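Visitor: Below are the structure tokens for one structure; questions will follow.
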Amino acid sequence: MAIDSKVVAQVAHLARLKVDEADSAALSDRLNDILAMVDQLQQADVTDVAPMAHPLDVTQPLREDEVSEPNVRDKALDIAPAAEDGCFLVPRVIE
Amino acid sequence: MSWEVVIGLEIHVQLNTVSKLFSGSKLSTGAEPNTQASLVDLGMPGTLPVVNKEAVRKAALFGLAINADICRHSVFERKNYFYPDLPKGYQTTQLAEPIVGAGEVEIQLENGEKKTVRIHHAHLEEDAGKSLHEDFHGMTGIDLNRAGTPLIEVVTEPDMSNAEEAVAFARKLHAIVTSIGICDGDMSQGNMRFDVNVSIRKPGDPLGTRTETKNLNSFRFMERAIKLEVERQIDVLEDGGEIVQETRLYNGDTHTARSMRSKEDANDYRYFPCPDLLPVAITDADLEALKAAMPELPNARKARFMDDYQLSEYDADLLSGSIATSAFFEGVANAGGDAKLAANWVMGELAARLNAEEKDISDSPVSAEQLGQLIARLKDGTISSKIAKQVFEACWAGEGDPDAIIEAKGLKQMSDSGELEKIVDDIIANNAPQVEDYRNSDDAKKKKKIGFFVGQAMKATQGKANPQQLNQLLKEKLG
């Protein structure tokens with residue numbers, strides 16, 4: 001798959017990143033380089049290799065099901081741009 | 001030629017843990033907004049998730065209950081999208097390696113047929129917060145108490161072919177998760193939420209384009225939303241139109257549905273394995289412990305009800321369907337000493353009364369012990385079935401235990417045959433023409449005409465005469 005400026009704009013939008021038109025061509029080139037490297041990796045013969053979800057051969061430590069967190073609402077609302085009645089306020093979202 | 005309907009479901013089941021999936025915040029409803037949102041739930045930089053052992057255990061228990069393979073190394077992934085009630089910018093969920101693999105659930109239809117619905121998989125994930133659109137003068141309020149609540153999302157194969165089957169499946173799933181104690185099952189609190197995928201086709205054709213109706217939170221709304229969507233799709237196709245793949249919202253109050261504006265990038269979530277979390281291991285020992293601790297499943301309970309209480313398959317199916325109904329029925333049967341009467345009362349008088357007042361069986365004003373006591377009095381002949389209904393009503397109204405009500409209102413059947421005999425003698429003495437008429441009738445007519453005397457006796461005793469005893473006495477006296 002080749003990445004052009006249209007794909008760059010789409011990916012940037014999904015990640016809510018602002019990309020200048022002027023940088024678009026250079027970004028396309030760099031992303032294409034990365035995909036070329038992935039293509040090269042795809043050539044490797046992995047027939048006898050088990051898929052790996054994590055580079056470390058360890059598993060997730062689990063937590064006991066207990067309440068350990070205090071109420072931090074006041075601190076959290078203090079640093080919010082807007083708050084009211086215990087809620088964070090954001091511009092109206094309509095589904 | 002008629003249309004064939006194809007339905008698949010995705011069900012979010014809220015796990016009833018004490019704390020959240022990735023943080024030690026308390027899990028409960030009704031708290032003040034944002035008082036149960038920790039730094040992890042708020043998506044603060046520098047915080048790390050730690051997985052709740054009990055949530056993993058409950059998800060795996062569900063897998064065992066539906067005969068699924070349990071993934072020994074399940075992997076959490078990030079589902080990336082921006083929404084104000086998702087402060088991290090991604091939902092931590094599972095995709096390629098979900099904790100529960102393929103399984104199956106058997107459902108029983110109204111006509112007695114059985115059908116197997118295949119489960120594609122079930123995965124563990126966190127819930128988002130809540131967006132509140134009212135009361136914020138043109139702004140939206142965000143409450144993150146729900147953010148991080150553990151859910152399992154159960155995904156079925158498209159194995160259901162009408163609304164009734166979908167509802168039967170949903171009820172069965174509800175019975176399973178409440179029976180094994182992993183979910184409180186309170187639909188009104190959003191403990192279970194259904195997304196319904198519907199498509200239609202002519203028999204033999206490939207699958208049609210499907211739509212998804214999201215976030216249905218009652219069995220009734222689900223049934224109505226499916227029927228509405230099927231009708232809509234048939235109308236569109238028969239008018240020569242095409243079904244557009246889209247997400248729809250159903251409004252139960254107006255019984256209408258509308259398309260949610262679908263954004264081009266709506267489904268581009270750019271999943272990748274969550275670098276903050278290691279694979280979650282489940283060992284053979286874990287599975288053995290879970291199997292040993294598996295509570296009784298609805299199907300096993302149904303079989304036991306048929307064996308232990310000699311119930312019909314139909315009665316056993318209805319009574320074993322929910323953990324609350326099962327427990328209530330067993331309480332009544334044990335206290336009353338008659339399973340068949342217990343079944344009849346729980347499914348009859350009690351169910352009708354609960355329905356009429358839209359009450360759940362767990363909120364029944366008449367307790368299982370009280371209903372059992374009522375049945376015991378019915379069984380030992382203290383009261384007739386007609387009086388029993390009167391006692392039930394009084395008990396429902398909070399007038400006390402059946403025994404106390406029977407005593408206070410003097411509702412005991414007249415068991416003193418001397419007293420009843422005197423009443424019968426009086427009636428015979430005072431109704432000479434009817435007695436004469438009765439004695440001159442043939443046997444068939446006598447059977448009808450005895451009703452007059454029974455009626456007089458019941459009137460005289462205010463319904464407290466034992467019907468069998470009374471009939472026998474009358475026959476003896478009238479000849």
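The values are calculated or read from the model by the stated rules, or taken from the named source; none is laboratory data. For clarity, every value in this text was computed on a predicted model and none was experimentally measured. Neighbour counts are summed over all protein chains in view; Cβ atoms, including those assigned to glycine, are modelled from backbone coordinates with ideal geometry.
Visitor: Being under 17 Å from B:ARG118 (Cβ atoms) and either touching a helix residue (DSSP H, G or I) at 6+ places or on another chain (Cβ under 7 Å) or without any contact (Cβ under 8 Å) to a residue 12 or more places away in the chain (or both) narrows it down to one of B:PHE62, B:PHE82, so name that one.
Guide: Values: B:PHE82 fails: under 17 Å from B:ARG118 (Cβ atoms).
Matching residue, one of B:PHE62, B:PHE82: B:PHE62.
Visitor: Say whether the condition of being exposed (fewer than 14 other Cβ atoms within 10 Å of the Cβ), outside any loop (DSSP other than H, G, I, E, B) and polar (S, T, N, Q) is met by at least one residue in region B:423-430. Spell out how you get there, then give the answer.
Guide: We begin by selecting, within region B:423-430, every residue exposed (fewer than 14 other Cβ atoms within 10 Å of the Cβ); these are B:425-426, B:429-430.
Next, from what is left, pick out any that are outside any loop (DSSP other than H, G, I, E, B): B:425-426, B:429-430.
Retained after the next criterion (residues that are polar (S, T, N, Q)): B:430.
Checking region B:423-430: at least one residue is exposed (fewer than 14 other Cβ atoms within 10 Å of the Cβ), outside any loop (DSSP other than H, G, I, E, B) and polar (S, T, N, Q).
Visitor: Residue by residue through region B:56-103, note down the ones that are hydroxyl-bearing (Ser, Thr, Tyr) and more than 22 Å from B:LEU144 (Cβ to Cβ).
Guide: B:SER74
Visitor: When residues of region B:205-221 are filtered for being assigned to a loop (DSSP other than H, G, I, E, B) and surrounded by fewer than 14 Cβ atoms within 10 Å (Cβ to Cβ), how many remain? Give the derivation first.
Guide: First, pick out the residues of region B:205-221 that are assigned to a loop (DSSP other than H, G, I, E, B): B:205-210, B:217-218.
Still in the list and also surrounded by fewer than 14 Cβ atoms within 10 Å (Cβ to Cβ): B:205-207.
The qualifying residues number 3.
Visitor: Here is a further query. Which residue, of A:ALA80, A:ALA26, A:ALA12, is more than 7 Å from every other protein chain (Cβ to nearest Cβ), outside any helix (DSSP H, G or I) and not charged (D, E, K, R)?
Guide: Values: A:ALA26 fails: outside any helix (DSSP H, G or I); A:ALA12 fails: outside any helix (DSSP H, G or I).
Residue meeting the stated conditions: A:ALA80.
Visitor: Restricting to region B:71-84, and then to whatever is hydrophobic (A, V, I, L, M, F, W, C) and under 17 Å from B:LEU95 (Cβ atoms), can you tell me which residue is surrounded by the most Cβ atoms within 10 Å (Cβ to Cβ)?
Guide: At the first step, the residues of region B:71-84 found to be hydrophobic (A, V, I, L, M, F, W, C) are B:71, B:75-76, B:82.
Among the residues that remain, those that are also under 17 Å from B:LEU95 (Cβ atoms) are: B:71, B:75-76.
Working: B:CYS71: 23, B:VAL75: 22, B:PHE76: 29.
Of everything passing the filter in region B:71-84, B:PHE76 is surrounded by the most Cβ atoms within 10 Å (Cβ to Cβ).
Visitor: May I ask you to list the residues in region B:1-46 that are among the β-branched types (Val, Ile, Thr), within 14 Å of chain A (Cβ to nearest Cβ) and out of contact with any Asp or Glu (no Cβ under 9 Å at 6 or more places or on another chain)?
Guide: Kept after step one, since they are among the β-branched types (Val, Ile, Thr), are these residues of region B:1-46: B:5-7, B:11, B:13, B:17-18, B:29, B:35, B:40.
Of the ones still in play, those that are also within 14 Å of chain A (Cβ to nearest Cβ) are B:17-18, B:35, B:40.
Passing the criteria: only B:THR35.
Visitor: Now, a different point. Return a yes/no flag: does region B:141-161 have any residue that is among the polar types (S, T, N, Q) and either touching a helix residue (DSSP H, G or I) at 6+ places or on another chain (Cβ under 8 Å) or more than 14 Å from every other protein chain (Cβ to nearest Cβ) (or both).
Guide: Yes: region B:141-161 contains one or more residues that are among the polar types (S, T, N, Q) and either touching a helix residue (DSSP H, G or I) at 6+ places or on another chain (Cβ under 8 Å) or more than 14 Å from every other protein chain (Cβ to nearest Cβ) (or both).
Visitor: Name every residue in region A:41-68 that is at pLDDT 90 or above, of a type in the set (D, E, K, R) and under 26 Å from the mean Cα position of the chain (by Cα), in order of residue number.
Guide: A:ARG63
Visitor: I'd like to check which strands (runs of 3 or more DSSP E) are fully inside region B:88-181 and have at least 2 residues that are out of contact with any Ser or Thr (no Cβ under 9 Å at 6 or more places or on another chain).
Guide: Values: elements: B:90-93, B:103-108, B:114-126, B:130-132, B:139-143, B:150-156.
In region B:88-181, the matching strands (runs of 3 or more DSSP E) lie at B:90-93, B:103-108, B:114-126, B:150-156.
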